[in-house]
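A.B. asks: Next up is a structure, given as structure tokens.
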2 protein chains.
Amino acid sequence: MTPRDAQGPADLLISGCTALVHDEHQRIDFLEDCAVVVRDGVIDALLPAAEAAGLPARERIEADGQVALPGFINCHTHTPMVTLRGIAEDLPVEEWFNDWIWPIESNLTERDVELGARLACAEMIRGGVTCFADHYFEMDAVAAVAAESGLRAHLGWAYFSSQGPQGRERSLDFALRTRGAADGRITTALAPHAPYTVDGPDLAATAELALEHGLQVHLHAAENRAQTEHSLATEGRTPIEVLERAGLLDADLLIAHGTGIAESDFAVLARATGRIAVATAPRGYLKFGWDTTPVKELADLGIPVGLATDGAASNNTLDVWEAMTLTALVQKSARRDPTWLTARQALHHATLQSAQALGLGDSIGSLAPGRRADLVLVDVSGPHTQPVHDLAATLVHSARASDVVTTIVDGQVLMRDRKLLTVDVAGTVAELAERLPALTRRSDGTRIQTYET
Amino acid sequence: MTPRDAQGPADLLISGCTALVHDEHQRIDFLEDCAVVVRDGVIDALLPAAEAAGLPARERIEADGQVALPGFINCHTHTPMVTLRGIAEDLPVEEWFNDWIWPIESNLTERDVELGARLACAEMIRGGVTCFADHYFEMDAVAAVAAESGLRAHLGWAYFSSQGPQGRERSLDFALRTRGAADGRITTALAPHAPYTVDGPDLAATAELALEHGLQVHLHAAENRAQTEHSLATEGRTPIEVLERAGLLDADLLIAHGTGIAESDFAVLARATGRIAVATAPRGYLKFGWDTTPVKELADLGIPVGLATDGAASNNTLDVWEAMTLTALVQKSARRDPTWLTARQALHHATLQSAQALGLGDSIGSLAPGRRADLVLVDVSGPHTQPVHDLAATLVHSARASDVVTTIVDGQVLMRDRKLLTVDVAGTVAELAERLPALTRRSDGTRIQTYET
């Protein structure tokens, strides 16, 4: 290693901020009057601002009075579904899938996916999201958009058993040839849709491929209580037991939702040998009238719970900041315990646990030397965030996604002072508007799947 | 009436917007490409934009692509408590009151109240709130701040029976001498704290004064289930029955919270002869782990339910837009019915029902000729609100308070393009910071009340 003063100028120097960091016990702490030094896309150092004052740098951001946080991570979404934001409202999940989403998705083209993903990236960058785990179709288009937007992405090509083995093979092919793309910003997963649309042999084959190729499996499971009851009635097993039987609990596994995880499933999860994680998207559970993810029980098992928004067709937003706030509020409400899920716990879910959920717990999710320089700067000077008695509470319960002023991934500034630098929103919205009539037509009676649980 | 063309120029002309209006059945509708003409603080006309193009006006706002909504109404808050935002987090309500809020409030000065109210007005104007119902102490300071900020306010000076008859007398004196202030923007109410801090005779005397002077009574009641159980155990009556016995259900009555309203209370409320309304502040109920307001049952009784934020010491924000979103989400969740409380129903609570809750249902809460010109302009061009399939869903589930760009009360522009025109935030925050150590001192063992339910 060259001594710092012989390395030449830093690539980026952010000075004057308060930085959210984790102590040796992973507890949330704040360093005041701090400078973040970035070289080669990595955090090189966190220094007292005074020490950094004379440091040469190619790019400088004066962030006095702002808070630097690890960028938010959207642990489960379907970005192209922003095209359907608000199209099917106030409906039970059966009608939502069968009468709206799956008929419309039979019209989907790669260009629709590209435009939707691009609009979603704009929304996420403006909301302080620096990484997203996407689970959808036509994922080459999403990978290309992620690359051009500058975001980090964890991508899986979805499949149903109704597609035959080709579905699984395409997901594997995509995962293998795409991982490491965009200078390493893209990682990949196998993406079976769910235990209710992918059968046992297909899930078992997926588990084998995951272990053989060192890939995570990202899927929906135990989305709600009704699915668990239906699975018990028809297969004699909960969805989590179905995953275990398929060998998926021996693989790296990212389970979306899990609001239907049964009491008996905790023992099953406790004996898993793979690295299991859950993504919680609390807004949609409220909207569908479901239970919420059992975060406390999962925490007791050491299973990380990352934050997510699901797709905007059900969730209406890709606002991970709101997911953090709602996780704090809904977990208190569900347990009827105002002392559970404190603001600092919510920030831990939003940072390290979200990174761990994607298998990226060593490279992102914390502001520390050696980690990728994925961070956001937040303005807490607004009247709605003043005064600050406890910065953790201010961030979780008073601040909003719209208070993010600057978003940075791998040291590249994607938004500065609320101005997007890598995505053309107006052009994307204009082209999308022309395509919406064809995309949303439901008259031909086709749908890509049927929801029957 | 002079014909319009002989009236001279309009005071304000807003052109090019989509306006949220109510049809003859109070249903939410949207008028596209619309102009709003304001004269003497009143909406003079809603016209097709083309008809308004040549109209002379002293002030013009080009609002192409923006949505005009009736200004939001915060039906129950304690504005000066923004000074304590985030100071006592993740606590049960007993500790929150007894160890933090009531000891701190024993230090309260009129200057603290003034600064807090001013900061709160800034937050509310930025969040699209044009009217607030405040229930606190030192209300002359709040009235002065409301007047200078340009906001509309419905103010009550709080009292406990522990203050003797002087508490009630001060509340009456304030209500009588302040109503109609600020060119009519200020209305007033009597403000007993709650049935658990104001005794039966005091509540009965309040009811008589309300009827005698034509004043609304604004109080907390049945805030949570535990209060109702405590009231039944100690008095043999629910809090709602205590109000009935005191004669308060024969007066105009604004009940804050009501999450502890019992099944048996609906029959009691059904026989009320006064104009009863409820204010719901759903964020705090989640945070304390309480039930939520029974909006469906109240709707079935024809009781308007307005939206509220409570004080920021418990609620962390005065964001009524969030209260609207959470009302939609939490009501679906509480009833486990995704079809209940649609986006349009949420907008009805946010507009006409909130106006009715304050007894102002004929003058604000809707964009219609003859009503006060209290409105906000909302930008829905951002990536998080595109595309728009259903504007009601976009507003309730995708847009945010931060999308309000312009806030207008009585035709006066209080914020334009996100710039506050009537409140100095930096000066207020700076002076408040100096005063916080004295305000938040809890070492002398005094408190203004004790929470015992």
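The values are calculated or read from the model by the stated rules, or taken from the named source; none is laboratory data. Bear in mind the structure is a predicted one, so any value in this text is a computation, not a measurement. Here the Cβ positions follow ideal geometry from the backbone for every residue, glycine too, while neighbour counts run over all protein chains shown.
A.B. asks: So, in region B:249-295, exactly how many residues are among the polar types (S, T, N, Q), crowded, with 20+ Cβ neighbours inside 10 Å and farther than 23 Å from B:Leu360 by Cα?
C.D. replies: Within region B:249-295, the subset among the polar types (S, T, N, Q) is B:259, B:264, B:273, B:280, B:292-293.
Remaining after also requiring crowded, with 20+ Cβ neighbours inside 10 Å: B:259, B:280, B:292-293.
Narrowing the set further to residues that are farther than 23 Å from B:Leu360 by Cα leaves B:259, B:292.
Total meeting the criteria: 2.
A.B. asks: Take the conditions farther than 29 Å from B:Arg400 by Cα and either over 18 Å from the mean Cα position of the chain (by Cα) or crowded, with 24+ Cβ neighbours inside 10 Å (or both) and apply them to A:Arg126. Does it pass? Break it down into steps so the answer makes sense when it comes.
C.D. replies: On the way: farther than 29 Å from B:Arg400 by Cα: no; either over 18 Å from the mean Cα position of the chain (by Cα) or crowded, with 24+ Cβ neighbours inside 10 Å (or both): yes.
No.
A.B. asks: Working only within region A:408-452, note down all residues that are within 30 Å of A:Asp183 (Cβ to Cβ), under 26 Å from the mean Cα position of the chain (by Cα) and not aliphatic (A, V, I, L, M).
C.D. replies: A:Asp410, A:Gly411, A:Gln412, A:Arg416, A:Asp417, A:Arg418, A:Lys419, A:Thr422, A:Asp424, A:Gly427, A:Thr428
A.B. asks: Here is a list: B:Asp44, B:Asp90, B:Asp40. Which entry is on the phi > 0 side of the Ramachandran plot and modelled with pLDDT of 95 or more? Step through it out loud before you land on a result.
C.D. replies: Working: B:Asp44 fails: on the phi > 0 side of the Ramachandran plot; B:Asp90 fails: modelled with pLDDT of 95 or more.
Answer to the check: B:Asp40.
A.B. asks: Do you know which residues across region B:296-324 are of a type in the set (A, V, I, L, M, F, W, C), part of a loop (DSSP other than H, G, I, E, B) and at the interface with another protein chain (Cβ under 10 Å from one of its Cβ atoms)?
C.D. replies: Keep residues of region B:296-324 that are of a type in the set (A, V, I, L, M, F, W, C), which gives B:298-299, B:301, B:303, B:305, B:307-308, B:312-313, B:318, B:320-321, B:323-324.
Now drop any that are not part of a loop (DSSP other than H, G, I, E, B), which leaves B:301, B:303, B:308, B:318.
Passing the criteria: only B:Leu318.
A.B. asks: Would you point out the residue of region A:344-380, among those that are within 18 Å of the chain's Cα centre (by Cα) and of a type in the set (Asp, Glu), that is surrounded by the most Cβ atoms within 10 Å (Cβ to Cβ)?
C.D. replies: So, considering only residues that are within 18 Å of the chain's Cα centre (by Cα) and of a type in the set (Asp, Glu), the one surrounded by the most Cβ atoms within 10 Å (Cβ to Cβ) is A:Asp374.
A.B. asks: Only residues in region A:126-146 that are under 20 Å from A:Ala194 (Cβ atoms) and in contact (Cβ under 8 Å) with a residue 60 or more places away in the chain count as the first member; pair them with residues that are charged (D, E, K, R) and part of a strand (DSSP E or B), Cβ under 7 angstrom, at least 6 apart or cross-chain, and list the lot.
C.D. replies: Matching pairs, first to second residue: A:Val142/A:Asp134.
A.B. asks: Taking region A:234-257 on its own, how many of its residues are outside any helix (DSSP H, G or I) and either more than 9 Å from A:Ala221 (Cα to Cα) or of a type in the set (D, E, K, R) (or both)?
C.D. replies: Step one: filter region A:234-257 for residues outside any helix (DSSP H, G or I), giving A:236-238, A:246-247, A:251-257.
Filter again for either more than 9 Å from A:Ala221 (Cα to Cα) or of a type in the set (D, E, K, R) (or both), leaving A:236-238, A:246-247, A:251-254.
Qualifying residue count for the region: 9.
A.B. asks: When you go through (1) charged (D, E, K, R); (2) assigned by TED's automatic domain parsing to the domain that holds B:Glu169; (3) not in a helix (DSSP H, G or I) one by one for B:Arg60, which number turns out not to apply?
C.D. replies: (2)
Okay, residues lined up against (1) more than 20 Å from the chain's Cα centre (by Cα); (2) at negative phi; (3) crowded, with 18+ Cβ neighbours inside 10 Å:
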residue: B:Gly200; (1), (2), (3): yes, yes, no
residue: B:Thr206; (1), (2), (3): yes, yes, yes
residue: B:Gln216; (1), (2), (3): no, yes, yes
residue: B:Ala226; (1), (2), (3): yes, yes, no
residue: B:Glu229; (1), (2), (3): yes, yes, no
residue: B:Val242; (1), (2), (3): yes, yes, yes
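A.B. asks: Going by what's in this entry, would A:Ile73 be described as part of a strand (DSSP E or B), touching a Lys or Arg at 6+ places or on another chain (Cβ under 7 Å) and among the aliphatic types (A, V, I, L, M)?
C.D. replies: On the way: part of a strand (DSSP E or B): yes; touching a Lys or Arg at 6+ places or on another chain (Cβ under 7 Å): no; among the aliphatic types (A, V, I, L, M): yes.
So A:Ile73 fails the test.
A.B. asks: Can you name every residue in region B:73-99 that is of a type in the set (A, V, I, L, M, F, W, C), touching a helix residue (DSSP H, G or I) at 6+ places or on another chain (Cβ under 8 Å) and within 14 Å of chain A (Cβ to nearest Cβ)? Quick ask: steps written out before the conclusion?
C.D. replies: Keep residues of region B:73-99 that are of a type in the set (A, V, I, L, M, F, W, C), which gives B:73, B:75, B:81-82, B:84, B:87-88, B:91, B:93, B:96-97.
Subsequent filtering for residues that are touching a helix residue (DSSP H, G or I) at 6+ places or on another chain (Cβ under 8 Å) retains B:73, B:75, B:81-82, B:84, B:87-88, B:91, B:93, B:96.
The answer is B:Met81, B:Val82, B:Leu84, B:Ile87, B:Ala88, B:Leu91, B:Val93, B:Trp96.
A.B. asks: Every residue in region A:270-296 that is out of contact with any strand residue (DSSP E or B) (no Cβ under 6 Å at 6 or more places or on another chain) and farther than 30 Å from B:Ser398 by Cα, please.
C.D. replies: Selection gives A:Ala270, A:Arg271, A:Ala272, A:Thr273, A:Arg275.
A.B. asks: I want to confirm something. Restricting to region B:113-138 and keeping residues that are in contact with a Phe, Trp or Tyr (Cβ under 7 Å, 6 or more places away or on another chain) and within 16 Å of B:Leu358 (Cβ to Cβ), which single residue is nearest to the other protein chains (Cβ to nearest Cβ)?
C.D. replies: B:Met124
A.B. asks: Moving to a separate point now. Identify all residues within region A:262-295 that are part of a loop (DSSP other than H, G, I, E, B) and closer than 30 Å to B:Thr342 by Cβ; write none if there are none. Show your work before the answer.
C.D. replies: Initial filter on region A:262-295 (part of a loop (DSSP other than H, G, I, E, B)): A:262-264, A:271-275, A:281, A:289-294.
The answer is A:Ala281, A:Gly289, A:Trp290, A:Asp291, A:Thr292, A:Thr293, A:Pro294.
A.B. asks: Continuing with the same structure: If A:Leu172 satisfies all but one of (1) within 14 Å of chain B (Cβ to nearest Cβ); (2) without any contact (Cβ under 8 Å) to a residue 60 or more places away in the chain; (3) of a type outside the set (D, E, K, R), what's the number of the condition it fails?
C.D. replies: Condition (1) is where A:Leu172 drops out.
A.B. asks: Still on this structure, I have one more. Residues of region B:23-37 being part of a loop (DSSP other than H, G, I, E, B) and at positive phi, which ones?
C.D. replies: As a first pass, look at region B:23-37 and keep what is part of a loop (DSSP other than H, G, I, E, B): B:23-27.
Passing the criteria: only B:Gln26.
A.B. asks: Still on this structure: Assess whether A:Val82 counts as being under 30 Å from A:Ala256 (Cα atoms), assigned by TED's automatic domain parsing to the domain that holds A:Leu108 and not in a loop (DSSP other than H, G, I, E, B).
C.D. replies: Numbers: under 30 Å from A:Ala256 (Cα atoms): yes; assigned by TED's automatic domain parsing to the domain that holds A:Leu108: yes; not in a loop (DSSP other than H, G, I, E, B): yes.
In short, yes.
A.B. asks: Considering every residue within region A:198-212, establish whether at least one is within 25 Å of A:Thr130 (Cα to Cα) and out of contact with any helix residue (DSSP H, G or I) (no Cβ under 8 Å at 6 or more places or on another chain). Lay out the reasoning, then the answer.
C.D. replies: Of region A:198-212, the ones within 25 Å of A:Thr130 (Cα to Cα) are none.
No: zero hits.
A.B. asks: Something else now. Taking the options A:Arg372, A:Arg418, A:Arg441, name whichever one is modelled with pLDDT under 95 and out of contact with any Phe, Trp or Tyr (no Cβ under 7 Å at 6 or more places or on another chain).
C.D. replies: Values: A:Arg372 fails: modelled with pLDDT under 95; A:Arg418 fails: modelled with pLDDT under 95.
Being modelled with pLDDT under 95 and out of contact with any Phe, Trp or Tyr (no Cβ under 7 Å at 6 or more places or on another chain) holds for just one of A:Arg372, A:Arg418, A:Arg441, which is A:Arg441.
A.B. asks: Would you check if there is a residue in region B:325-332 being outside any helix (DSSP H, G or I), in contact (Cβ under 8 Å) with a residue 40 or more places away in the chain and within 12 Å of another protein chain (Cβ to nearest Cβ)? Show your work before the answer.
C.D. replies: Initially, region B:325-332 is screened for residues outside any helix (DSSP H, G or I), giving none.
For region B:325-332, residues outside any helix (DSSP H, G or I), in contact (Cβ under 8 Å) with a residue 40 or more places away in the chain and within 12 Å of another protein chain (Cβ to nearest Cβ): absent.
A.B. asks: For the structure I just gave you, tell me whether B:Ala277 is under 18 Å from B:Leu358 (Cβ atoms) and more than 14 Å from chain A (Cβ to nearest Cβ).
C.D. replies: Working: under 18 Å from B:Leu358 (Cβ atoms): yes; more than 14 Å from chain A (Cβ to nearest Cβ): yes.
Yes, satisfied.
A.B. asks: If you don't mind, another one. Could you give me the residue pairs with C-beta distances under 8 Å whose first residue belongs to region B:60-89 and is without any contact (Cβ under 8 Å) to a residue 60 or more places away in the chain, whose second residue is in a loop (DSSP other than H, G, I, E, B) wherever it lies, and which are 6+ apart or on separate chains?
C.D. replies: B:Glu89/A:Thr342; B:Glu89/A:Asp390
A.B. asks: Now a separate question. Could you please give the count of residues in region A:274-302 that are of a type in the set (Gly, Ala, Ser) and over 26 Å from B:Thr325 (Cα atoms)?
C.D. replies: Here is the first cut: in region A:274-302, the ones of a type in the set (Gly, Ala, Ser) are A:274, A:277, A:279, A:281, A:284, A:289, A:299, A:302.
Now narrow it down to the ones that are over 26 Å from B:Thr325 (Cα atoms): A:274, A:277, A:299, A:302.
Residues flagged as of a type in the set (Gly, Ala, Ser) and over 26 Å from B:Thr325 (Cα atoms) within region A:274-302 amount to 4.
A.B. asks: Same structure, new question: What's the number of the condition A:Glu94 fails, among (1) under 20 Å from the mean Cα position of the chain (by Cα); (2) surrounded by fewer than 21 Cβ atoms within 10 Å (Cβ to Cβ)?
C.D. replies: (1)
A.B. asks: Name the residue that is surrounded by the most Cβ atoms within 10 Å (Cβ to Cβ), counting only residues in region A:296-317 that are among the aliphatic types (A, V, I, L, M) and closer than 17 Å to A:Leu358 by Cα.
C.D. replies: Here is the first cut: in region A:296-317, the residues among the aliphatic types (A, V, I, L, M) are A:298-299, A:301, A:303, A:305, A:307-308, A:312-313.
Applying the additional criterion that residues be closer than 17 Å to A:Leu358 by Cα yields A:298-299, A:303, A:305, A:307-308.
On the way: A:Leu298: 22, A:Ala299: 18, A:Ile303: 23, A:Val305: 26, A:Leu307: 29, A:Ala308: 31.
That would be A:Ala308.
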